[in-house]
Structure formats: C-alpha cells, structure tokens
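The values are calculated or read from the model by the stated rules, or taken from the named source; none is laboratory data. It should be emphasised that the depicted structure is a prediction, and the values quoted were computed from it without experimental measurement. Cβ atoms come from the backbone with ideal geometry, glycine included; neighbour counts cover every protein chain shown.
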Amino acid sequence: MKFHQIYSQMKLSGTTKLVTLLIFVGLLFSLTACNLPARANTSPTLNVTQAYQTVEARLTEAISRTPTVTATSPLPSATPAQPTTQPTETDGTATPASSQPPTGTCDQALPGVPIDVTIPDDTVLRPGENFTKTWRLQNAGTCTWTSDYALVWFSGEQLNAPLNVPLSGNTPPGQSVDLSVEMQVPDSEGTYQSWWKLRNPSGVLFGIGPSSDSAFWVRVIAQGIPLTSGTPTITETSSPSLTPTPGVQASGPATLQFRDLYDLDNNTLNLDGEDLTYEELDQVHKLVPIDRTEIAIFGPNQPGLRDCQNANLSTDTIAVDSLVGNYFCYHTNMSLPGWLLINSLDPENGQLNVQIFTWLIP
C-alpha cells in the first residue's frame, strides 16, 4: 500500500497527523538509503541515529507552534447587553429620582424656571411703592388647574395684596403658568416677606416641593424716601372728613384639634382670651363661640370689613363638615370684626385647618 493511501485512512487529529507524517518521512528516508547501490567511498554513510534526532527536533518544533484551543472557553457574544432602564426625556433640567413628584397626586406643584419672573428676593423698592409680583409654577399633579383654583396669601406680610386671586384659564398637568398679584411696599423701611400657596376647589391649600406643603414667597426691602399718596387736602372753608384706616390685629393660619380653645384676637391656641372652641358632638364637627364672641356664615367669597361689621351674627354653634372653602364673619370678645376661612377638615383625625383675619379698629 502506498504512503498517501495509508495516511488518508488514518483518522487522527491535526497534531497527531503531523507527528505521524514526520515519522513516516523518517522511515521512508531510512529505507530508501538502505536500498541505494553501494558506491566506493564517494558518498557518506547515512547515520540512522542522526536522522532520528533530526525528526525528533522537527516534531518538537511543530508541536510548539501548534495553537492550543480550550474547549471550555465561551465564545464572545455578538449582541451587546441592553440597558435595563430607558432614559427619560426632560425639558433639559436634570431631576434626581428622589425629587420627582409622587405619582397619582391630584394637586402637586413644582417651581417653574425661573420661579421669580418679577421681583427677585431682596429687591429694593421705595416705601409705599406698588409692584406686581409674578411666580412661575408647574402643574406636576394629575388634575388640571382651572379658574376654581386660586393663589392665596398664607402668612407673613400681606403687603396690601388681595387675600386670594383666582387662576385664569386652564393649566393641564405638566404645563407651567405665571401667577401675578398686585402688592404694595409698607410705608416704613425694612425687609418684608410674604408667603403664598395655592387652593383647590375643595378649599385645601397646597404648595411646592415633593410633599406639596412648602409655601413660596416674595421678599422686598423698603428703602429710600416714602411715596406719598392719598393725602387729604384741607382748606379753610371746609373741615376734612377723615375715616380711620383699620389695621391688622391678627392674621394667619391655624390648625385645631378637638377641644382646642382659639383666640381670634391673637391667633393663638389654648391661651387666655379664647373666642371659639372646636368640638365633635354626635360625630359632627362644630365651632362653638364663647365669651361674647359672635359668628355667622358668609359664603365662598372673601368678606370685607363692612361686610363683617354689618353681618347678622349670633352665638349659635356652627357645624363645619360641609363648609370647607367657606368664609365666616365674626366679632371677637374684644368686639373686633374679622373673617375665618375653613381651608380643610380631615374626617379621620378631626384636624381642622383655618385661616383668620382680624381688623384693628382705631
């Protein structure tokens, strides 16, 4: 059988075939040399040991050049791993996940960009100067802001502004709106700050931030020569008719629990000079006037001084469960007029949130 026929019938691996081939070449070379006719010392005699060493050296070299393939090594994947989360497109402002508004919240607000459209903090104005404050807010909730929503004064200096300003038009979720209110710097020099919130159709106040409970504000510095306006003109032939200008005796929000005693002259709880007590009688939440205080329901619109001076007041107890968002007129036990707004009522724990304004009559 010929050499190439023997070689083709051997089912060997690549390295084994190479070794076998070299051995066959060595044997073939040795046999060929033995069968050659002898010559008279004209050619050197083949050294079998040297031939074997040559074959062994070639075999070692071939093995060292043969690449080693590890069968247990996995092949690289041709498809790159896909991200587990998809990026969210925003308006260009990166928002950390921790500051995102909670999902499913109807009334949620975030600061716009910028929030102070006019009158940045610590703007210097003249005492008595009128100005327009504008905030930009974003509706980050799930409910559309309608004209039934309002911008309301919450605490601090009122700055001669209206207590509430209804929103105009509709602001759908995700949209921003500019809210403006007319204000006036007090007549005396100093720094003045006024806090504001939004009010929904049910009378519940909400602000900005992750929990919707932070008020936004305006802060101005009154400095310079005061502006004069409305100075009465006095002539020799007539006497001026001056109407005393009412001041503010007390104002601001308060949170009442059952059996709290509320002083409307100082906006304090459970101290001397009580005007109202908050009670639950037969699962009905009630305001009870005490110590000569009188009160009456006015309605959903804010009353003025004359309205509360002329209101038909009484000492009757008033149930407030269905009156969230309504105003009341009152006369305190010091005979000072004022109004009270019921902002919210939590039926679970009975917590009542109100806001008052008591005029100081000279």
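Observations
- Inside region 314-347, residues that are closer than 21 Å to R199 by Cβ and under 38 Å from the mean Cα position of the chain (by Cα) make up a count of 20.
- When residues of region 263-286 are limited to those that are in contact (Cβ under 8 Å) with a residue 60 or more places away in the chain and not in a strand (DSSP E or B), the one surrounded by the most Cβ atoms within 10 Å (Cβ to Cβ): L264
- All of D122, D116 fail the test of being loosely packed, with under 15 Cβ neighbours inside 10 Å and more than 14 Å from the chain's Cα centre (by Cα), apart from D122.
- Residue in region 180-196 that is crowded, with 19+ Cβ neighbours inside 10 Å, more than 29 Å from L340 (Cβ to Cβ) and under 20 Å from the mean Cα position of the chain (by Cα) present: no
- Of all residues in region 146-157, those satisfying the criterion of being of a type outside the set (V, I, T), within 23 Å of T191 (Cβ to Cβ) and crowded, with 18+ Cβ neighbours inside 10 Å are L151, W153, F154, E157.
- Within region 144-161, tally of residues that are modelled with pLDDT of 95 or more, among the polar types (S, T, N, Q) and assigned to a strand (DSSP E or B): 0
Results for (1) touching a Pro at 6+ places or on another chain (Cβ under 9 Å); (2) closer than 18 Å to L256 by Cα; (3) surrounded by fewer than 18 Cβ atoms within 10 Å (Cβ to Cβ), shown as yes or no for each residue.
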site: P300; (1), (2), (3): no, no, yes
site: A311; (1), (2), (3): yes, no, no
site: V320; (1), (2), (3): no, yes, no
site: V324; (1), (2), (3): no, yes, yes
site: Y327; (1), (2), (3): yes, yes, no
site: S335; (1), (2), (3): no, no, yes
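- Checking each residue in region 168-205 for being assigned to a loop (DSSP other than H, G, I, E, B) and closer than 16 Å to T132 by Cβ picks out S168, V185.
- Unique residue being among the aliphatic types (A, V, I, L, M), within 14 Å of D275 (Cα to Cα) and assigned by TED's automatic domain parsing to the domain that holds N266 when the list is L341, L336, L352: L336
- Yes/no for G141 being in a loop (DSSP other than H, G, I, E, B) and closer than 17 Å to I115 by Cα: no
- Verdict on T358 being in contact with a Ser or Thr (Cβ under 9 Å, 6 or more places away or on another chain) and outside any loop (DSSP other than H, G, I, E, B): yes
- Some residue of region 185-196 being among the hydrophobic types (A, V, I, L, M, F, W, C), touching a residue at least 24 places away in the same chain (Cβ under 8 Å) and more than 17 Å from Q355 (Cβ to Cβ): yes
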